[in-house]
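Novice: My structure is below; once you've seen it, I'll send some questions.
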Amino acid sequence: MEQLNKFLNYLSDISPISEEAKEGIKNMCSTVDIRKNDNLQSIGQTCRTIYFVVEGTARINYFKEDKDVTEYFAFANDMIIRAESLFTGKPSHKAIQAISDTTFIAIPANPLFELFEKYHEVERLFRKIVERSYVDTINRLESLQFHTAEERYQDLIEKSPAVVREIPLKHIASYLGITQVSLSRIRAAIS
């Protein structure tokens, strides 16, 4: 219950919603615990759920030429979805994997979309969440285009320094678009 209340407070901080709307969201949510290195959703599945990380760390990853590539990290209080699958209804080429033992709040998309019709403030709230996610994606692309690997690593460390130190180097290196050797050099230079 405490985890669900934390989630509802997170949503209210983004955009105010009525108690009735909160109750509607609360009634469709469930808690999912995933162990370290297990997939919440596997490659080839169609995403039908929006997730909120309550505690732990997760990532979106895919394979390119047999290399495991990390596209996104989600820390406590982050949303994680495979939007390209959710909004098209097609299977995803990406997975959601727990990097540590992780607790998620799961919101099934179709009942949520039905709630949009009943409570327009919920629709407004999730529009703002999608807008934030879009801006984050653009910022990530621009970071890859205009910033050095060291600057990208510094940005990641600022977001959640204690957690980042626990993420395997191979995942951080692939997220930054560099080798583990280059990441080790960057970490040594910063220390």
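The values are calculated or read from the model by the stated rules, or taken from the named source; none is laboratory data. Remember, predicted model here, so these are calculated numbers, not experimental data. So basically every Cβ, Gly included, is an ideal-geometry build from the backbone, and we count neighbours across all protein chains shown. To get the accessible areas, we keep the full protein, side chains included, count just its heavy atoms, and leave off ligands, DNA and RNA. Shrake-Rupley method; radii C 1.70, N 1.55, O 1.52, S 1.80 Å.
Novice: Suppose we filter the stretch 13-40 for residues that are part of a strand (DSSP E or B) and of a type in the set (D, E, K, R); how many remain?
Specialist: 1
Novice: List the pairs whose first member sits in the stretch 176-191 and is over 16 Å from Glu151 (Cβ atoms), whose second member is modelled with pLDDT of 90 or more and open to solvent by 60 Å² or more (accessible area, probe 1.4 Å), and whose Cβ atoms are under 8 Å apart, counting only residues at least 6 apart or on separate chains?
Specialist: Gln180/Lys170
Novice: Can you run down the residue pairs with Cβ atoms below 9 Å, 6 or more apart or on separate chains, where the first is in the stretch 23-40 and under 18 Å from Ile96 (Cα atoms) and the partner is open to solvent by 50 Å² or more (accessible area, probe 1.4 Å) and not hydroxyl-bearing (Ser, Thr, Tyr)?
Specialist: Thr31/Gln3; Asp33/Asp101; Ile34/Asp101; Arg35/Asp101; Lys36/Asp101; Asn39/Gln45
Novice: Pick from the stretch 84-99 the residues that are under 22 Å from Gly177 (Cα atoms) and small (Gly, Ala, Ser): which of them is surrounded by the fewest Cβ atoms within 10 Å (Cβ to Cβ)?
Specialist: Once the filter is applied, the top-ranked residue is Ala95.
Novice: Something else: Which residue is farthest from Ile167 (Cα to Cα), if the candidates are limited to the stretch 100-113 and must be out of contact with any helix residue (DSSP H, G or I) (no Cβ under 9 Å at 6 or more places or on another chain) and open to solvent by 40 Å² or more (accessible area, probe 1.4 Å)?
Specialist: Asn110
Novice: Evaluate the stretch 41-61: report whether one residue or more is part of a helix (DSSP H, G or I), modelled with pLDDT under 95 and open to solvent by less than 20 Å² (accessible area, probe 1.4 Å).
Specialist: Within the stretch 41-61 (the criterion being part of a helix (DSSP H, G or I), modelled with pLDDT under 95 and open to solvent by less than 20 Å² (accessible area, probe 1.4 Å)), the answer is no, since none of the residues qualifies.
Novice: Just for helices (runs of 4 or more DSSP H) wholly inside the stretch 146-191: which have at least 1 residues that are more than 22 Å from Tyr62 (Cβ to Cβ) and open to solvent by 60 Å² or more (accessible area, probe 1.4 Å)?
Specialist: 149-159, 161-164, 180-190
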